[in-house]
Amino acid sequence: MKILAVSDKVVSELLQQHTMLLPEKPDIILACGDLPPEYLTDLRQHYNVPLYYIEGNHDLRYQTSPPQGCTNIHARVVQEHGFQLLGFSGCRWYNGGRNQYSEVEMKKIIRSLWFKLLQQKTVDIIISHAPPRFTHDREDPCHKGFRAFTNLINKQKPALFIHGHIHDTFENPADRISKVNNTQVINSYGFFFFDSEMATKQKQNQPTAKAFF
């Protein structure tokens with residue numbers, strides 16, 4: 001399964017008919033926040049594949065104008081192509097705006113899912129807007145990650161944790177990826193295209209592959 005992850009920056013070239021940005025068509029799109037809802041609608045229609053999303057701290061219009069044909073998976077577990085996906089909207093509280101959570105609030109959201117997670121037994125891919133604390137995050141109040149995400153990674157051991165929120169440029173795609181234990185944490189700023197082999201190999205307890213474009 002080919003995955004296109006997007007966040008924070010509109011990349012209009014992705015909507016071109018014969019874009020050179022991707023080596024092939026994705027099978028699924030994962031949107032990690034702070035993007036216009038119209039952009040997500042256009043991506044889903046352009047590639048005609050499932051698009052799952054969570055909201056970022058700047059996604060103020062989603063309640064009244066949600067992306068069409070796309071699925072919000074905030075605090076939800078869904079299955080796609082044999083993988084269990086889980087999502088979390090928002091970032092750390094910094095000025096009281098929409099989709100901002102304290103550490104305690106995010107812990108409560110995660111704790112509310114434990115029975116569902118127990119039923120599912122495994123979660124393969126987690127998407128969020130904010131990163132885990134001390135992995136790709138910053139020290140200003142807005143861009144600190146959640147310790148609750150690090151704890152979730154330690155307990156659930158997902159193959160992939162994909163986030164946005166941290167604006168950065170990457171000369172080498174490998175610079176987007178860090179590891180927390182055996183989980184690959186990926187910054188999706190702009191866009192990142194990769195093969196689910198990264199998740200499949202982790203599922204099978206094999207060494208993870210650097211299968212990215």
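Taken together, the values in this text are just the output of simple stated rules run on the coordinates, not laboratory data. Quantities reported herein were computed from a predicted structural model and do not represent experimental measurements. Note: ideal-geometry Cβ built from the backbone for every residue, glycine included; neighbour counts use all protein chains shown.
Only Cα pairs within less than 10 Å get springs; with that Gaussian network setup on the chain, which residue of D137, D168, D195 has the largest fluctuation?
D168
Quick one: which of K155/K179; K108/K155; K2/K107; K25/K116; K2/K108; K9/K116 span more than 25 angstrom between C-alpha atoms?
Long pairs (Cα-Cα over 25 Å): K2/K107; K25/K116; K2/K108; K9/K116.
How far apart, in nanometres, would the label points at E105 and L60 be if each is projected 7 angstrom from Cα along the Cα-to-Cβ direction?
Computed distance between label sites E105 and L60 equals 1.6 nm.
Give, as ranges by residue number, the residues of segment 25-52 whose backbone N falls under 18 Å from the point 7 Å along Cα→Cβ of T71.
In segment 25-52, the label zone of T71 (backbone N under 18 Å from the point 7 Å along Cα→Cβ) covers 26-33, 40-52.
Apply the Karplus curve 6.51 cos²θ - 1.76 cosθ + 1.60, θ = phi - 60°, to the phi angles in segment 100-114 and return the couplings in whole Hz, x for Gly and Pro.
Computed from phi, the couplings for segment 100-114 are 10, 9, 6, 4, 5, 5, 5, 4, 5, 4, 5, 4, 5, 9, 4 Hz.
Compute the distance in nm between two label points, each set 7 Å from the Cα along the Cα-to-Cβ direction, one at Q17 and one at F134.
5.2
Please work out the C-alpha center-to-center distance from segment 96-164 to segment 1-75 and express it in whole Å.
Answer, in whole Å: 20.
Which residues in segment 18-36 have a backbone N closer than 12 Å to a point placed 7 Å from the Cα of H46 along the Cα-to-Cβ line?
Zone members listed by number: 18-22, 26.
Give, as ranges by residue number, the residues of segment 130-157 whose backbone N falls under 11 Å from the point 7 Å along Cα→Cβ of S112.
Backbone N within reach: none found.
Let me have the 222 nm mean residue ellipticity of the chain computed from DSSP H runs of 4+ only, each contributing -39500 (n - 2.57), with the sum over all residues rounded to the nearest 500.
On the way: 5 runs with 44 residues, N = 213.
Result for the chain, helices only: -6000 deg cm²/dmol.
Here are several values of log10 I(q)/I(0) by the Debye sum over Cα atoms at q = 0.08, 0.12, 0.14, 0.15 Å⁻¹: [x] -0.35, -0.73, -0.92, -1.01; [y] -0.30, -0.60, -0.78, -0.88; [z] -0.24, -0.56, -0.78, -0.91. Which one was derived from the coordinates shown?
The value computed from this structure is option [z].
Using the per-residue mean of other Cβ atoms lying within 10 Å as a proxy for protection, in what order, highest first, do the peptides 63-75, 9-21 fall? Present the calculation step by step, with values, prior to reporting the outcome.
Numbers: 63-75: 15.2, 9-21: 11.6.
Packing proxy ranking, top to bottom: 63-75, 9-21.
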